[in-house]
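The values are calculated or read from the model by the stated rules, or taken from the named source; none is laboratory data. Everything numeric in this text was worked out from a predicted model, so none of it was measured. Note that we place each Cβ from the backbone using ideal geometry, even for glycine, and neighbour counts take in every protein chain shown.
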Amino acid sequence: MNPRRLSGFARKEWRQMLRDPSSIVVAFVLPAVLLFLFGFGVSLDLRDVPVAVVVERPTPESMGFFHAMAASKYLTPIAIVDRRMAEEALRMRQVQGIVVIGETFSGQILTGQAARVQLIVDGTDANSARLIEGYVQGVWNTWAAQLARERLGAGAVRDAVAIDLRARVWFNPAVNSRYFLVPGLIAIVMTLIGALLTALVVAREWERGTMEALLTTRLTRGEFLVGKIAPYFLLGMGGMAAAVTLSVTVFGVPFRGSVWLLILCSAVFMLVMLGIGLLISTVARNQFVASIAALLVTMLPAVMLSGFLFDIASMPGWVQVITHAIAARYFVAILQTLFLVGDVWAVIGPNLLALGAMAVLFLGLTVLRTRRRLE
Amino acid sequence: MTPAGAEAIPIATVVIDGIVKRFHGPAGAVVALDGVSGAMAAGVITGLAGPDGAGKTTLIRVIAGLLLPDAGHVSVMGLDPSQDGAALGAVVGYMPQRFGLYEDLTVGENLTLYADLRDVAPAVRPDRFSELLALSGLAAFTGRPAGKLSGGMKQKLGLACTLLGDPKVLLLDEPGVGVDPVSRRELWAMVEGLAGRGLAILWSTAYLDEAARCDRVLLLDGGRVLDDGPPDAFVRTLVGRSFRVAMGDGDRRRIARRAAEAPGVIDTWIQGRSLRLVTAKGAPPPTAESLGTDASPVPMAPRYEDAYIARLLEHRDGMVPAPAAPVVASVAVNGPAIETRDLSRSFGSFKAVDGVTFQVGPGEIFGLLGPNGAGKSTTFKMLCGLLPPTSGTARVAGFDMMTARADARARLGYMAQAFAQPSSLTVRQNLAFNASVYGLDRREGARRIAEAIGDFGLVAHVDTPSGQLPLGLQRRLSLACAILHRPRILFLDEPTSGVDPIARREFWRRIDVMAESGVTVLVTSHFMDEAEYCDRLGVIYRGRLIALGDPDAIKHQHADGDDATLEDAFVAMIATYDREHAA
């Protein structure tokens with residue numbers, strides 16, 4: 001490798017990158033927008049869910065349960081007299097659930113029987129439905145326990161609560177989902193910069209006819225590839241640093257791992273993404289095809305199958321197998337561990353090894369597919 | 001500079017020996033080069049001539065080591081391009097058709113990049129840069145992005161970047177395309193200077209006037225060598241077979257057609273008020289009687305194109321097909337067929353077209369001429385109703401393009417520069433598609449499609465997907481589609497670019513026949529000889545109409561000498577305009 005040719009070519013690539021507004025948008029503006037969107041807007045937690053409450057006979061007990069729901073930050077109960085009106089409101093999507101406190105509610109409580117409350121939930125979004133179910137159940141448990149303590153004395157609590165207590169371990173509403181989303185987003189940002197931007201850079205040389213001119217200079221294959229990779233590697237690491245800084249400062253996500261490990265893992269992941277991007281670009285030779293391919297091969301799986309949004313363990317078995325081919329999966333696991341837990345080598349080690357193997361594979365394929373001829 | 005004879009080739013720097021190159025496409029293997037041999041010598045400009053698709057670019061890429069030949073061998077200063085890729089980069093400078101410039105980098109940055117890539121030592125750079133910047137006239141533009149340069153300046157910068165590594169062999173792929181005549185002359189002077197310094201230069205071109213200026217020409221047709229030697233020798237084979245007949249003010253097209261059918265005549269070409277003709281080998285010289293003209297034919301010096309046509313016809317064993325007259329409704333048009341008055345169009349503060357006024361009468365062939373970016377296409381678009389003018393009026397067939405666009409469009413046919421027919425449809429399907437677009441009823445549509453297939457010689461190709469047709473046939477199909485609705489006015493945008501000379505002649509004969517039947521034709525072209533074929537010309541430069549009149553008048557007004565060409569006049573006109581408007 002001739003240092004002057006390499007630096008000359010890398011400098012040209014760097015200049016082109018900086019002068020192309022789209023690369024700056026993808027590297028810095030888009031990540032910021034995504035972070036704010038996911039950090040503030042999108043949350044897997046629900047708050048102030050409107051719920052219709054039909055109280056068939058107002059009593060101190062039924063009103064007490066109503067107020068307990070009103071006190072919850074997750075629920076906003078709306079008193080509706082008639083059950084049919086409540087159902088209509090659910091159909092109109094004005095409320096997301098109906099709680100029916102039956103005529104016999106107070107009587108059952110006062111006589112020590114199991115009190116019945118009916119819950120109807122809008123199941124359109126299964127995830128929200130389960131959450132609402134959990135919230136109402138939670139309010140009920142707390143209220144019932146308190147009531148039992150007041151009415152029946154401390155000794156009877158165990159019996160009264162035992163009727164309805166069901167542990168909801170699959171999702172704990174108290175945990176802020178932002179803590180999971182924001183570290184995962186960093187993987188998405190680096191996928192954007194690494195694969196989407198570089199998917200264009202070789203194809204662009206072919207489309208604009210400059211590849212032909214390059215091929216007749218003394219630039220070697222190695223110099224060409226390193227010159228292409230270096231500027232985008234720097235841009236990607238810059239984008240990563242910016243995203244991490246935003247996560248910690250603006251979103252208050254804790255960072256419990258070590259910075260050098262974060263840099264190491266990010267660098268390896270970046271190389272995988274650059275390898276995929278360059279491979280696509282080299283094979284496609286057409287910017288449009290390359291960008292669509294990069295979107296399908298890197299972005300979509302990174303969002304859907306990396307465990308960033310959807311839990312991998314709850315996917316069907318064959319989908320779980322597929323996720324092993326997605327580089328972002330390993331990096332998301334590393335990021336979530338580094339941010340929320342710390343330097344847990346048992347988790348980071350295998351994931352980092354998988355990333356390393358993928359980097360070698362894709363960069364190697366790119367080297368093999370880069371030709372010094374037109375065919 | 002020309003070697004004494006075809007045999008006395010100086011030390012050949014590049015030897016091309018029996019190159020065969022096939023490409024494998026969906027329609028099977030296509031032979032791009034079929035046993036091409038030739039040579040390039042130091043200090044000599046070797047022309048690589050031929051129409052689009054002749055194999056010029058493929059041959060250059062084989063020499064540059066970018067493609068591997070299927071058979072044959074190339075030697076570049078003793079190197080084999082298929083093996084010595086790295087070493088080849090030190091001796092060969094290759095400028096691809098699109099220059100290989102980075103448009104978002106400045107002139108200076110492009111130069112620095114190529115200096116790095118071509119291993120130019122830092123110590124010699126300042127001298128080398130200033131020398132090349134002076135040579136290309138770009139010294140004042142080093143900070144300008146290459147994308148903001150004119151076509152001619154890009155071409156010169158591309159050449160400068162190619163020259164940085166001090167190559168011994170220079171391969172230039174169609175450097176004269178997209179460059180105005182003035183820049184083309186400057187580029188040519190640059191390259192001649194380089195040849196004088198001992199470089200071996202290959203200049204590929206589809207323009208025969210460029211080929212004629214080379215020291216030696218390798219003429220390709222369909223992947224085979226048609227001629228290899230100095231152009232003078234090639235042209236000499238035609239001595240005694242080229243003639244000129246004055247036509248005066250008579251009906252030029254009728255005279256030309258009659259002469260074309262005279263015995264022994266193989267080619268005719270209208271040139272202003274005279275007619276050029278070429279006779280068959282061994283045919284007796286034509287007379288006024290045999291041609292049916294008033295004036296007698298005068299022998300004249302043959303041109304490269306005459307020899308080329310004659311050789312092509314021998315090679316393909318045929319002649320320029322005489323088209324049957326397509327039936328085109330000749331409806332009397334009162335007043336001018338096309339009329340513009342103070343037509344202007346601005347884009348922001350830039351005046352693309354500035355106060356253009358001209359008229360075209362019925363049955364006239366009117367040429368719109370001008371360098372790229374002069375405002376030609378903008379004028380064209382306003383006349384077709386594709387772009388509204390900022391001020392002024394454009395009337396076509398008596399209808400204002402602003403207020404009665406639909407009426408005007410029903411009367412005009414348009415043939416776009418690029419092949420604009422769906423390429424996956426067959427010839428017949430394309431015609432049917434156009435018939436339905438023009439709203440012809442089924443019976444009338446079927447009748448006209450059948451006529452078009454016969455008139456345009458498409459019988460053998462009706463079921464061929466139009467994308468697989470050769471370029472000349474594609475243009476023919478485009479024309480057939482454009483006149484299906486019997487327009488009175490025909491707009492042709494660069495109708496023959498890339499087409500071989502025989503297909504061009506055939507195309508123009510069809511246009512003649514239509515003009516005779518009263519169709520008005522407005523055409524843009526960058527072929528100067530095509531401009532001379534027109535009845536009248538308008539020359540557009542920097543948005544203004546700087547000349548208007550018949551080709552002979554324009555030629556004599558702006559250029560001196562009997563053998564001055566329209567291009568000389570054109571260059572002089574532009575120079576005058578620039579001088580007058582510089583202050």
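Points to keep in mind about this one:
- Residue in the range B:506-517 that is on the phi > 0 side of the Ramachandran plot and touching a residue at least 12 places away in the same chain (Cβ under 8 Å) present: no
- Some residue of the range A:86-97 being modelled with pLDDT under 85, surrounded by fewer than 18 Cβ atoms within 10 Å (Cβ to Cβ), within 27 Å of A:ALA148 (Cβ to Cβ) and assigned by TED's automatic domain parsing to the domain that holds A:GLU133: no
- Cβ-Cβ under 6 Å pairs, at least 6 apart or on other chains, the range B:146-167 side more than 14 Å from chain A (Cβ to nearest Cβ) and touching a residue at least 60 places away in the same chain (Cβ under 8 Å), far side in a loop (DSSP other than H, G, I, E, B) and not small (Gly, Ala, Ser): B:GLY151/B:VAL179; B:GLY151/B:ASN372
- Number of residues in the range B:284-306 that are without any contact (Cβ under 8 Å) to a residue 40 or more places away in the chain, in a loop (DSSP other than H, G, I, E, B) and not β-branched (Val, Ile, Thr) equals 2.
- Flag for B:ALA406 being free of Cβ contacts under 8 Å to residues at least 12 places away in the same chain and within 30 Å of B:GLY53 (Cβ to Cβ): no
- Scanning the range B:117-136 for residues being assigned to a loop (DSSP other than H, G, I, E, B), of a type outside the set (Lys, Arg) and facing chain A (nearest Cβ under 7 Å) gives a total of 1.
- When residues of the range B:256-273 are limited to those that are in a helix (DSSP H, G or I) and surrounded by 21 or more Cβ atoms within 10 Å (Cβ to Cβ), the one farthest from the chain's Cα centre (by Cα): B:ALA259
- When the criteria are applied in full, B:ASP512 fails the requirement of being among the charged types (D, E, K, R), buried (at least 19 other Cβ atoms within 10 Å of the Cβ), within 30 Å of B:ALA452 (Cβ to Cβ) and touching an Asp or Glu at 6+ places or on another chain (Cβ under 8 Å).
- Whichever residue in the range A:251-270 is assigned to a helix (DSSP H, G or I) and free of Cβ contacts under 8 Å to residues at least 60 places away in the same chain and, among such residues, is nearest to the other protein chains (Cβ to nearest Cβ): A:ALA267
- From A:LEU361, A:LEU279, residue being within 30 Å of A:LEU215 (Cα to Cα) and in contact with a Phe, Trp or Tyr (Cβ under 6 Å, 6 or more places away or on another chain): A:LEU279
- Meets criteria (without any contact (Cβ under 8 Å) to a residue 24 or more places away in the chain and either more than 14 Å from chain B (Cβ to nearest Cβ) or at positive phi (or both)) for A:THR210: no
- Where A:VAL248 falls short, out of the listed (1) of a type in the set (A, V, I, L, M); (2) away from chain B (no Cβ under 14 Å); (3) in contact (Cβ under 8 Å) with a residue 12 or more places away in the chain; (4) farther than 15 Å from A:ALA27 by Cα: (3)
This table checks each residue for (1) part of a strand (DSSP E or B); (2) in contact with a Ser or Thr (Cβ under 9 Å, 6 or more places away or on another chain); (3) in contact (Cβ under 8 Å) with a residue 24 or more places away in the chain.
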site: B:PRO371; (1), (2), (3): no, yes, yes
site: B:LYS381; (1), (2), (3): no, no, no
site: B:SER424; (1), (2), (3): no, yes, yes
site: B:GLN429; (1), (2), (3): no, yes, no
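- Of everything in the range B:69-116 that is among the hydrophobic types (A, V, I, L, M, F, W, C) and in a loop (DSSP other than H, G, I, E, B), the residue that is farthest from the other protein chains (Cβ to nearest Cβ) is B:MET77.
- Selected residue (criterion: surrounded by the fewest Cβ atoms within 10 Å (Cβ to Cβ)) from residues of the range B:458-481 that are over 22 Å from the mean Cα position of the chain (by Cα) and in a loop (DSSP other than H, G, I, E, B): B:ASP463
- In the range B:163-207, of all residues being under 18 Å from B:TYR94 (Cα atoms) and polar (S, T, N, Q), the one that is modelled with the lowest pLDDT corresponds to B:THR205.
- Qualifying position, being surrounded by 23 or more Cβ atoms within 10 Å (Cβ to Cβ) and within 25 Å of A:LEU181 (Cβ to Cβ), among A:ILE263, A:ILE280, A:ILE276: A:ILE276
- Of the residues examined, A:ALA284 is one that is away from chain B (no Cβ under 14 Å) and more than 16 Å from A:VAL26 (Cβ to Cβ).
Residues checked against (1) assigned to a helix (DSSP H, G or I); (2) more than 14 Å from chain B (Cβ to nearest Cβ); (3) free of Cβ contacts under 8 Å to residues at least 40 places away in the same chain; (4) not hydrophobic (A, V, I, L, M, F, W, C):
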{"residue": "A:ARG5", "(1), (2), (3), (4)": "yes, no, no, yes"}
{"residue": "A:LEU35", "(1), (2), (3), (4)": "yes, yes, no, no"}
{"residue": "A:GLY39", "(1), (2), (3), (4)": "yes, yes, no, yes"}
{"residue": "A:VAL51", "(1), (2), (3), (4)": "no, yes, no, no"}
